[in-house]
Amino acid sequence: MNDSKQFCTFFIDGLFFGVEVLKVQEVIRYQQMTAVPLASRTIEGLINLRGQIVTAIDLRRRLDLPPRGEEQLPMNVVVRSDDGAVSLLVDEIGDVVEIHDDVRERPPETLRGVARELVTGVYKLKERLLLILDTEKTVNLAA
Amino acid sequence: MSKTIITVDDAATMRKMISFTLKGAGHEVLEAADGVEALKTLQTRAVDMVITDVNMPNMDGLTLTRSLRALPQFARTPIVLLTTESAPEKKAEGKAAGATGWIVKPFQQDQLLAVVAKVLGP
Amino acid sequence: MPTNEELQKQLIQDLLVESNEGLDRFDREMLALEKGQATPDTPNIIFRVIHTIKGTAGCLGLSKIESVAHVGENLLSLLREGKVTVTPPLISTLLAYADALRAMLSSLRDEGNEGSEDYSALLKQLQDLQAASSATSTETIPAPQAAAPVAAPAALPQGWGLFDDEPAPATPAATPVLSEAVAPAPVIERAPVVAPVTAHAPTGTPATSHPPGEGGARATSAADTAIRVNVEQLDKLMNLVGELVLARNQIVQHSALIQDNSLIAASQRLNIITTELQESVMKTRMQPIGNVWAKFPRIVRDVAGELGKKVQLVMEGNETELDRTIIEAIKDPLTHIIRNAIDHGIETPEVRRGGGKPDEGLLILRAFHEGGQVNIEIMDDGRGINISRVKEKALQRALITADQSARMSDREAFNLIFLPGFSTAEKVTNLSGRGVGMDVVKTNIEKIGGSVDLLSEANAGTTIKIKIPLTLAIIPALIVTSGRERFAIPQVSLLELVRLEAEQARKGIEKLYGAPVYRLRGQLLPLVYLNKELELGGASSTGGAVDEAVNIVVLQADGRQFGMVVDEINDTEEIVVKPLGKQLKGLACFAGATIMGDGRVALILDVVGLAQHAQVIREVRDRSMTEKHKGDARASERQTLLLFDVGEGAQMAIPLSMVARLEEFPRSQIERSGAHEVVQYRGQILPLVRVSDYVRTVAETSASGTDLMQVVVYSEQGRSIGLVVGSINDIVEEAVTVKRDSAHDGILGSAVIQNRVTDLLDVAAVIRSADPSFYSSSRTPVGLAA
């Protein structure tokens, strides 16, 4: 048995990210949100996911990337965390890809700041690099 | 004359069968799964006859019979026990509890109807 | 109505479901029996499963199942009567027996018949087990012959009968009842004790052949009518009801928009039913607080024993019910308070004797419902809290400054023990010095929307009062809008709503040191602008110039009132409280979130957190302290007082009810009109009186550094006068006992307020001496209401 994993992929500011498929509860289109005053700017708001209240984290802000254009509506990648479901706001959804572990590499040294903490691995795909996010760390804003 | 009869049995299949048979004879039928449920139903509904299983959870048929007999409005209501035991001492228990009659399980539909006819009149 | 054949099919389907369920249960109970985990009811349950299968199968003409069931039933009947010993072979045989029944049922389902399998070996085993037990018991040799299948029922000629057929075939039950009616008298005479029952039974008096009421009593006893439900199931039910409440809210909202009478009627009905359902489900989760208290006698006994103290525990209101989630949440805080009370409160018998108290200390736990909340009080008759020691400790630990310490009221000092890291224990005992302090108690209780209050009196004891909501899941809330966002405010914190039209608002809202206040029936209400506190930057004012109406929600937090200004006051709704994710846990202003009728999320405000954020309740002020002082209050009355300094170190007070406004004027605005200093004020001339000129004190100094002059405007009968003071300190509500010892003019007396000697200004006297004409039109004396 070869070690391979499936990742749900998405784009943020032209970068190609992935999270483990097993961590993803669902992917939904943009939802109306309720802003949370005084909260960290990383928190975009709260959404009603079939009666469950889910915090939406803007991954652009989380990853210190420039803000999304006004006209561009983000997508919700709802992930499971220790504390329940959390939505990660991304620009665009990619495919689910299955990747063998042997193309995995350590995050490049050039990765700066927060991204360095949150990206656990890099896969060299044919056309581009896939950056794998650690969901627990990503949703943990306190750290 | 259509009468109202309550059938008390923890086996849903049994209740259904009894209910079907009695409805076929033109009676209205209430159902209860045990003695407690029967007592609850009978707090609000009047019946002409009670047909109850003996061995049931929560409250068995003999206790139900005694409980009903203790209430003035059920002092005269016919109560027929469904029993698998035809031994004389078991019958004596039913009689002492205040039951009107008994039917041995298993029974045929016409046996059930015969008891009802006898108890309630034609 | 189905034909007989259809019915038969249906009934067999039912039988299959019912019997398979029964057999699963049979297996479980059997295993419990084997492991020695059986309940007294286990043999009955096992018996009944087979009994039911036998009876139903028989009626459906399934003779093979019936006869196999019958053999097992005989053995199980003995098991039920305790005449069979449970052995591994017995269990194995009975499990194999259940499998045999299953096999026949499967065949019936798949093939439409009971199958051709031969079970005689198994039945023989069952009979042997039965015979083995019969050998040891004197009774029972019931039914080996029943193993020969089918025939039994047919053998009976009729299969039914009436008990009264022999004596009286007619109306069966009626006759004996009638005879019963005339019988009792002679029977009682002859055999008063046991005879009636034995004499009647054989002759067939069904109605009363046993003591009446026996059956009835059993019928309604809790054991018979109560069932056990998994707590998770209840939680799930509660969640579902929560969802239903939301859906109901949506429907009710929409139906109001659509003018359809039948829809409106239906939604009204839905509304009522949902509310009822919600209440019922909530009730199922209620538990008496006694469940938590049950362990306290033991704790009190142990703790008291360890410390060599004697404590009598009194518990009142055991039956007071609370939601189980709350019961869980208060368990630890209550335990801690009780340990504390014994550890720090109640003295040793020697000390108590010395203080003229009985050896045995008293610890009272009291719970009761009040205004939709549960009150819990823990009272001890111990030494009380030593204020100076508490202050000392707080100073040592740098929790307060020396200045704060000196100004602190008793109640503020008591509340120091709730500060993190505070412990008054002189030696750290193993009981309460474990790092869990009263701060944790307070935090935990506030976390569930409760509040803690502490009253103490030296040598008389300490009382801790806890108020907690009945339930956490669904609460009534006021929905408001601010900065275009909706917020829910829990109704428990809500006192009243005030709407000021633009004109009223301009006049009514004043500034006290830059902080907006509104005078509500004579009391100054600090105002908090929600959009400002939450940095919403909405349309409405942040307290400056207003040309629109102002909506004030008057709230209470930690015993302190304040007004929250919002853009819009919407409606009161039942909301379902949902927790916020951990990313938002640090936000003290929000208690959770809820889903509104339109499906969008709204935040629930945490009133205490918000008040702290707005610094309205930086310190806990004295509001209910005087309840405790009822005894010594006698001549005094609670008043709201404005405290101000005239000169250095001299604090004075006047009743706030006499104050029309508080103003600041630049000194440059002072003009002279004859002998008087005046300022132009709202198109009128406001005469000024320098209080320092009229009372014996050092010269007015405090404000001299600034160009601004503090003026208390006093109005009566359409006339106003400005009292110039040094600085305005505070507004307090206090019971003041005036000591009439100051003989000079302008002072009514003095009192100790906030630990400072405070002179009560005789406003009337000061005004009269400054402007004798002020009262010429009215002789109304002005003074303290004492």
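No lab work stands behind these numbers, since they all come straight from the coordinates. Because the structure is a prediction, the values reported are computed rather than measured. FYI the Cβ positions are ideal-geometry reconstructions off the backbone, even for glycines, and counts take in every protein chain you see.
Backbone phi angles across segment C:477-482, fed through the Karplus curve with coefficients 6.51, -1.76 and 1.60 (θ = phi - 60°), yield HN-Hα couplings of 9, 9, 9, 10, 10, 8 Hz in residue order; Gly and Pro are listed as x.
In debye to the nearest 20, how big a dipole does chain A give about its Cα centre with +1 on each Lys and Arg Cβ and -1 on each Asp and Glu Cβ? Can you show the working numbers first?
On the way: 18 positive and 23 negative charges, 41 e Å.
With Lys and Arg at +1 and Asp and Glu at -1, about 200 debye.
Report, by chain and number, residues whose modeled amide H sits under 5 Å from the one on C:Tyr681, excluding near sequence neighbours (fewer than 5 apart, same chain). Amide H neighbours of C:Tyr681, under 5 Å, 5+ apart: C:Leu686. Once the C-beta distance of A:Arg104 and A:Asn140 is scaled by a Förster radius of 35 Å, the resulting FRET efficiency is 0.90 to the nearest 0.05. Considering only A:Val78, A:Val103, A:Val27, the mean-square fluctuation computed in a Gaussian network model of chain A, springs between alpha carbons under 10 angstrom, is largest for A:Val103.
Within 10 Å of each Cβ of C:572-583, how many other protein chain Cβ atoms are there on average?
Details: counts 0, 0, 0, 0, 2, 0, 5, 3, 6, 16, 10, 15.
Mean partner-chain Cβ count within 10 Å for C:572-583: 5.
Multiplying the residue separation of C:Thr572 and C:Leu395 by 0.36 nm and removing their Cα-Cα distance gives an extension gain of 59.2 nm.
Under 21 Å of direct C-alpha separation, and excluding same-chain neighbours fewer than eight residues apart, B:Lys91 reaches these lysines: B:Lys105, B:Lys118, C:Lys54. Using the Cβ-Cβ distance between C:Asp730 and C:Arg484 with R0 set to 45 Å, the FRET efficiency works out to roughly 0.80. Our estimate of slack between C:Arg25 and C:Ala132, defined as 0.36 nm per intervening residue step minus the Cα-Cα distance, is 35.9 nm.
Quick check for you: which residues of segment C:284-319 have the amide N under 15 Å from the point 7 Å beyond the Cα of C:Leu362 toward its beta carbon? Under 15 Å, as judged by backbone N against the label point of C:Leu362, lie C:311-316 of segment C:284-319.
Coupling constants for segment A:31-45 follow from the phi torsions by the Karplus curve (6.51 cos²θ - 1.76 cosθ + 1.60, θ = phi - 60°), and in residue order they are 10, 4, 10, 9, 5, 10, x, 6, 7, 4, 5, 5, 8, 7, x Hz; glycine and proline get x. A crude spin-label estimate for the pair C:Asp99 and C:Ile272, with each label 7 Å from Cα along the Cβ direction, gives 5.8 nm. Using the Cα gyration tensor of segment A:4-139, with a ≥ b ≥ c the square roots of its eigenvalues, what is the shape: rounded (a/c below 1.5), prolate (a/b larger than b/c) or oblate (neither)? Prolate, since a/c reaches 1.5 and a/b exceeds b/c. Among C:Thr93, B:Thr83, the ranking by other beta carbons within 10 Å of each residue's beta carbon, starting with the fewest, stands as C:Thr93, B:Thr83. In this simple spin-label model, placing a label point 7 Å from the Cα along the Cα-to-Cβ direction at both C:Thr348 and C:Gln404 gives a separation of 3.5 nm. If you average the C-alpha positions of segment C:484-499 and of segment C:657-694 separately, how far apart do those two centres end up, in angstrom? Segment C:484-499 and segment C:657-694 have Cα centres spaced 39 Å from each other.
Looking at segment C:474-613, the DSSP beta bridges with both ends there are about 90 percent antiparallel. Listed by chain and number, the lysines whose C-alpha is less than 16 Å from the C-alpha of C:Lys236, apart from same-chain residues fewer than 8 away, are C:Lys283, C:Lys578.
For A:Phe16, enumerate residues with amide H under 5 Å from its amide H, sequence gap 5+ or separate chain, H modeled in the peptide plane. Under 5 Å from the amide H of A:Phe16 lie the amide H atoms of A:Leu131, each far enough along the sequence or on another chain. Per-residue 3J(HN,Hα) values for segment A:50-67, derived from phi via the Karplus relation 6.51 cos²θ - 1.76 cosθ + 1.60 with θ = phi - 60°, read 6, x, 9, 9, 10, 7, 9, 9, 7, 5, 4, 5, 4, 9, 6, 9, x, x Hz in sequence order (x marks Gly and Pro).
Between C:Thr572 and C:Ile479, the built amide H atoms are under 5 Å apart, and every one of these is 5 or more places off in sequence or on another chain. With a simple spin-label model that places each label point 7 Å from the Cα along the Cα-to-Cβ direction, the separation between C:Ala121 and C:Arg521 comes to 9.1 nm.
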